[in-house]
Amino acid sequence: MTTRNQQLFEQAKTVIPGGVNSPVRAFGSVGGVPRFIRRAEGAHVWDEDGVQYIDYVGSWGPAIVGHAHPEVVEAVRAAALDGLSFGAPTAAEVAIAEEIVKLMPSVEQVRLVSSGTEATMSAIRLARGFTGRDTIIKFEGCYHGHSDSLLVKAGSGLLTFGNPSSAGVPADFSKHTLVLPFNDTAALTETFARIGDRIACVILEPIAGNMNMVQPDAEFVRQLRALTQQHGSVLIYDEVMTGFRVALGGAQSLHGITPDLTTMGKVIGGGMPLAAFGGRKDIMACISPLGGVYQAGTLSGNPVAVAAGLKTLEIIQRPGFYEQLSQHTRLLCAGLEAAAQQAGITFSSQSLGGMFGLYFAERVPASYADMLASHTDQFKRFFHGMLKRQVAFGPSAFEACFVSAAHTEAHIQATVDAAATVFAEMAQG
Ligand code: KE4
């Protein structure tokens, strides 16, 4: 019997490359038929076959207050009734910029854009314009969106410049990007010793979420801040995923690090297309129309998206929001670990705020290499076993997952109960 999801997937593939508008949605790394989501509310999504799932994808981070939160939907409705887009400044953009500046002390000024890719691409150009340097550093396993400078994988040797990780990126472009091992303080120190005065910026996922969740050592981020300071390189914390997700003040508030620029997205739009980059005033002064670094956008600061973002930022500041979110996420991870242990399955997990990582490995990973060594085949079995039991995780072993304020202890218990049966099945081989 062909399901509606299968029908839609076949239909989609005739008019959309791979049938999806973003590759990870195609279930390529887990196999099977992607679920076409008809609607979402609270902690749940429903697919086109009418099947309800407890959702831990959360649109890859934006849905922190829960899907279709009535107050967010009302704010969007009200804004839409006043028009969808003006191409002119609005009071709401000032309000959300002031809110971001208040919540992220390192951000003295901020520019709104429409996606995380735009935010990181603009921040890189800004850092190059501010320093007059071309070379940038990113880390293996970190993803910062799909702009050319950042679709680069590690070169053959530690200190060789990057090679394109995507077709269509000219080698002349990627040669300015150096890719270092994540969390490798020695490699970082050695690189700055050799070419520190040529480095425009270093961009970091301060808690990686795109190789699954991987946390850096405190020493690594401390040294990164010291070296960038010492060599006049711009430190960019890419908090598109971690911003307002791991804590109200993002990863930088947990690290006690003040980056020069921060990129944000996901949560600040509450599910609508809104992202941002911001930081030191002297650097932001280089952005057009003030300075020579050009950056623009028809829908930047879109009033409907800003309305969703403002309401979301208001909700996450309510008393106890992060305490409960963190507590529920910890409860989920503890429950899954106990269930895996009960079944004799090698499993570990970690969480910060509403972000968590699940691993079929003895210990949580400290690097990309650790992640590559984990049992991704086990993840596939777990993923499909849980999907069959109406629990949806991200369709890739290399993605972090998310709990929302709408997830209750009942949802967590139901998830753990389902996992117990899946782990038991897996243990039988
Ligand atoms: P977008 O262009 O997708 O809005 O943001 C790019 C981006 C930048 N920086 C970080 C740290 C990110 O996690 C992302 C996007 N994250 C992925 C999820 N792993 C988006 C999901 C997708 O590509 O469909």
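The values are calculated or read from the model by the stated rules, or taken from the named source; none is laboratory data. Computed from a prediction, not measured in an experiment: that's the story for all the values here. All Cβ positions, glycine included, derive from the backbone under ideal geometry; neighbour counts span all protein chains shown. The area values use the complete protein model at the heavy-atom level, side chains included, leaving out ligands, DNA and RNA. Shrake-Rupley method; radii C 1.70, N 1.55, O 1.52, S 1.80 Å.
Numerical summary
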{"read-out": "Reachable aspartates and glutamates, given that their alpha-carbon falls under 17 Å from the alpha-carbon of Lys102 and they are not under 8 places away in the same chain", "value": "Glu93, Glu239, Asp260, Glu314"}
{"read-out": "Stokes-Einstein D in µm²/s, Kirkwood radius over Cα pairs - the range 132-236 at 20 °C with 1.002 mPa s viscosity", "value": "157 µm²/s"}
{"read-out": "Listed residue (Gln295, Thr242, Gln230) projecting farthest to the positive dipole end of the chain, Cβ model", "value": "Gln295"}
{"read-out": "Tensor-based shape of the range 70-316 (alpha-carbon gyration tensor, a/c under 1.5 rounded, otherwise prolate or oblate)", "value": "prolate"}
{"read-out": "Mean Cβ count within 10 Å, highest first, over the residues of peptides 360-369, 89-98", "value": "360-369, 89-98"}
{"read-out": "Cross-link pairs Lys153/Lys175; Lys138/Lys175; Lys175/Lys266 - those with Cα-Cα distance over 18 Å", "value": "Lys175/Lys266"}
{"read-out": "Unit charges on C-beta of K, R, D, E only; dipole of the chain, Debye", "value": "440 debye"}
{"read-out": "Mean ellipticity per residue at 222 nm, deg cm²/dmol - from DSSP H runs of n ≥ 4 across the chain, formula -39500 (n - 2.57)", "value": "-12000 deg cm²/dmol"}
{"read-out": "Fraction of antiparallel bridges per DSSP, the range 231-377 only, in percent to nearest 5", "value": "55 percent"}
{"read-out": "Spin-label pair Asp148/Asp49, simplified geometry with 7 Å Cα→Cβ offset, distance in nm", "value": "4.4 nm"}
{"read-out": "Per-peptide average of other Cβ atoms within 10 Å, ordering 370-381, 75-86 highest first", "value": "370-381, 75-86"}
{"read-out": "Among beta bridges that DSSP assigns inside the range 70-316, antiparallel share in %, nearest 5", "value": "40 percent"}
{"read-out": "Accessible solvent surface per residue of the range 70-316, calculated while the other protein chains remain in place, 1.4 angstrom probe, Å²", "value": "38 Å²"}
{"read-out": "Of Thr117, Leu81, Tyr56, farthest towards positive along the dipole that unit charges on Lys, Arg, Asp, Glu beta carbons give the range 39-167", "value": "Thr117"}
{"read-out": "Separation of the Glu41 and Thr3 label points, Cα + 7 Å toward Cβ, nm", "value": "2.1 nm"}
{"read-out": "Within straight-line cross-link reach of Lys388, aspartates and glutamates at Cα separation under 16 Å, skipping those fewer than 8 residues along the same chain", "value": "Asp47, Glu48, Asp49, Asp55, Asp417, Glu425"}
{"read-out": "For the range 32-74 versus the range 282-334, the gap between their alpha-carbon centres in whole angstrom", "value": "20 Å"}
{"read-out": "For the range 257-265, Karplus couplings with θ = phi - 60° (6.51, -1.76, 1.60), whole Hz, Gly/Pro x", "value": "10, 9, x, 7, 9, 10, 9, 9, x"}
{"read-out": "Using a Förster distance of 41 Å, the FRET efficiency for Thr346-Lys281 (Cβ separation, nearest 0.05)", "value": "0.25"}
{"read-out": "Share antiparallel - DSSP beta bridges, the chain, percent rounded to 5", "value": "55 percent"}
{"read-out": "For the range 46-51, 3J(HN,Hα) per residue [Karplus equation, 6.51 cos²θ - 1.76 cosθ + 1.60, θ = phi - 60°, Hz, x = Gly/Pro]", "value": "10, 8, 6, 8, x, 7"}
{"read-out": "Alpha carbon centroid spacing (whole Å) that separates the range 386-416 from the range 113-134", "value": "34 Å"}
{"read-out": "Estimated inter-spin distance, Leu248 and Ala410, nm [label 7 Å along Cα→Cβ]", "value": "2.9 nm"}
